[in-house]
Amino acid sequence: MFKLHRAFPGLILALVAGHIHAEPTVTAAATTMEAPVRAQDWQRDLDLQHWGSATFHADLSSAIIALSAAHGATKCTVMLDIAELYLTHMLLYEARTTLEGITPVTPDQARRLRVLKNATSLLSGQAVEDFTGSALNATNRPDRAFWAALQAIAHADAGMLSANIRGSFSGLGLQSRAALRQMLPVFIEAATELGEQAHAAAGLKLLAELPDLADSSTGQFLRGRVEERRGNNASALKAYFLAAEGWDEYAARARLAVADMSLRDGGSGALLSAQSILQDGAEAWRGDRYELEILKRMARLYAGTGDKIEELLALGRLLKRFPTSSEAKGGQEQAKQLLNDLYQEGRSGSYPLSEWMSAHLRLLPFFGAFPAFPAHTEALADYVLGLGATDLAAKEYLRAIHEYSTRDSQTHKSDVTRLTLKLADAQRQAGLLPQARATLEAMKLETVDPQHDAHATLAAKVLSELNDGPALMQTTLTAPTPDHLRDLGMALSDAEEWGEATATFLQLWKDHPYEFAFEDATRLLIAANRSNNSAAISKVARAFPQLTSSAALIDLAKSLNATPQSLMPLSAEKVADRLQSLDDAFQTIKNTSVSP
């Protein structure tokens, strides 16, 4: 269908219909390039009724034959006739292409060439630069108002439109049937928007003479618009719903009309009904301002029913499809706030995890490139990790890493490092220790990196759980954690590095006294005994009353702290017995189940 109004977003198509008495007549078609004769001067410039509606192929064949034998001015005249023939059948691209290849020979040919170019532009929805000087605006043309109305629409000149609209309908009767079919809906809508109900109704009667057009989305939409302007909302909605069943531009406009009426109504039933009709036709019309407007209405409708996810998805499609539109900037801010609200609800536990996860995956294709989206992904991963869903958390950490990795690497280097550490920890908690170790080993952190110690601490924990004592003992931390010191002390003990084990447990006790548990004291006592560190043994024994409430262990500790009898001279057998006695005591401490 004719798309003149699409060339001017924001312009209300306003045409005031003139007196319409009957469907315009169409002159009998000529079958050759010589007939019929152009009786009037204006017809020699442009006459869309000169060629018949049903004889296109015969007329074009005759023109081609004539062209093959023509030369000079005659050839130019034939080319101009061919362009007019294309215009008669609204083959605008072909007409424009033909006109571009014509070089006029005579002044009359130059005049006619300009008229044909002007007509092609106006029928395509494009304004003419100097319409005042165009022969289409000549007072002797009976269809002058028709062309002037098209110029007014294309140039968004409401005053000029009002001055010419009445005569434009009469001018319709002087055009070809193809031009009538495509111009009539535009003029009907224009009359409707200006409130010229009588003229709009007359236009609908004329439209009824074209049943295929009248029963199409075009005709139904125009009926709906007329009824809406009259205040007959029920009749308007009925017509709009019928129009919305189609797949063309007027069907898209009908969906918009339903949405606008529902938003004005404000009731939940009306909003839900509009949501349904827009969803059903969401893919029916793509690529111009009507798709943009539909997406805007969808966002408003979902906001009206409180459906944040669908509102976000509508905004996401708008931003993807029309990133440079004026609506995109406002849409970005709106989407940013909605995303913040959604993920905050998820973190607070007020949003069901299954719905949150489903929404996250649906939103990702539209908002994954948003600056804050990787942080939202990380928040979701943190939450599910806290619930014990380690595999799911690892996947989301990987997703966030990928999102950051597609951006400036230096800007987000620390973000990638932090997330990689979280990924390794999630793998560790999932029992995927080899994978966690591989993840950590793939990270190349300088010792000056702020997250170097966090990396070393996690690596030590993984190595400890892997029972890789040798590798654990090679790990160094600037500020060792209690767990690291404890794991290191145990690894050293397993390697029978008793002196270093004693020093490590003593460091744990000194640096983290509140983390130093009964089991740590037991291990320290064993290591101190094996390394013959009497000072450490005495320190543990003196502190035992603060470490345990077990009377038996306190007595044992005191006995260990008592001054031993002289060992000299001492036989080898007595030495062995004494050491065995101490080992038994340490085993007793280790196996006694007493809370610190």
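The values are calculated or read from the model by the stated rules, or taken from the named source; none is laboratory data. Note that the structure is predicted; figures quoted are calculated from it, not measured. Counting neighbours? That spans all protein chains shown, and the Cβs are built from the backbone with ideal geometry, glycine included. What goes into the accessible areas is simple: the full protein's heavy atoms, side chains included, and nothing from ligands, DNA or RNA. Shrake-Rupley method; radii C 1.70, N 1.55, O 1.52, S 1.80 Å.
Quick notes
- The residues of region 189-212 that are among the small types (Gly, Ala, Ser), in a helix (DSSP H, G or I) and either in contact with a strand residue (DSSP E or B) (Cβ under 6 Å, 6 or more places away or on another chain) or within 12 Å of Glu227 (Cα to Cα) (or both), listed by number, are Ala200, Ala201.
- Selected residue (only one of Gly18, Gly10, Gly52 is within 21 Å of Val128 (Cα to Cα) and either assigned to a loop (DSSP other than H, G, I, E, B) or at pLDDT below 90 (or both)): Gly10
- Filter result for Leu398 (open to solvent by 20 Å² or more (accessible area, probe 1.4 Å), closer than 30 Å to Leu433 by Cβ and aliphatic (A, V, I, L, M)): yes
- When the criteria are applied in full, Ser262 fails the requirement of being part of a helix (DSSP H, G or I) and open to solvent by 40 Å² or more (accessible area, probe 1.4 Å).
- Test for Glu189: is it more than 14 Å from Asn137 (Cα to Cα), crowded, with 24+ Cβ neighbours inside 10 Å and among the acidic types (Asp, Glu): yes
- Residues of region 100-126 classified as among the aliphatic types (A, V, I, L, M), under 20 Å from Tyr86 (Cα atoms) and in a loop (DSSP other than H, G, I, E, B), total: 1
- The condition (being open to solvent by less than 30 Å² (accessible area, probe 1.4 Å) and touching a Gly at 6+ places or on another chain (Cβ under 9 Å)) is satisfied by just one residue among Ala154, Ala135, Ala119: Ala154.
- Residue list for region 366-384, restricted to those being open to solvent by 10 Å² or more (accessible area, probe 1.4 Å), touching a Lys or Arg at 6+ places or on another chain (Cβ under 8 Å) and either in contact (Cβ under 8 Å) with a residue 40 or more places away in the chain or more than 13 Å from Leu419 (Cβ to Cβ) (or both): Phe366, Phe370, Ala372, Glu378, Asp382, Tyr383
- Residues located in region 479-509, provided they are within 18 Å of Asn533 (Cβ to Cβ), in a loop (DSSP other than H, G, I, E, B) and open to solvent by 50 Å² or more (accessible area, probe 1.4 Å): Glu496, Glu497
- Looking only at residues of region 377-407 that are β-branched (Val, Ile, Thr) and in a helix (DSSP H, G or I), we find that the one that is farthest from the chain's Cα centre (by Cα) is Thr390.
- Residues of region 140-165 satisfying the condition of being of a type in the set (Lys, Arg) and in contact with an Asp or Glu (Cβ under 9 Å, 6 or more places away or on another chain): Arg141
- Residue among Thr420, Thr411, Thr457 that is open to solvent by 60 Å² or more (accessible area, probe 1.4 Å) and among the β-branched types (Val, Ile, Thr): Thr411
Okay, residues lined up against (1) farther than 18 Å from Glu403 by Cα; (2) touching a helix residue (DSSP H, G or I) at 6+ places or on another chain (Cβ under 8 Å):
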site	(1), (2)
Leu312	yes, yes
Glu327	yes, yes
Leu338	yes, yes
Ser350	yes, no
Arg362	no, yes
Gly368	no, yes
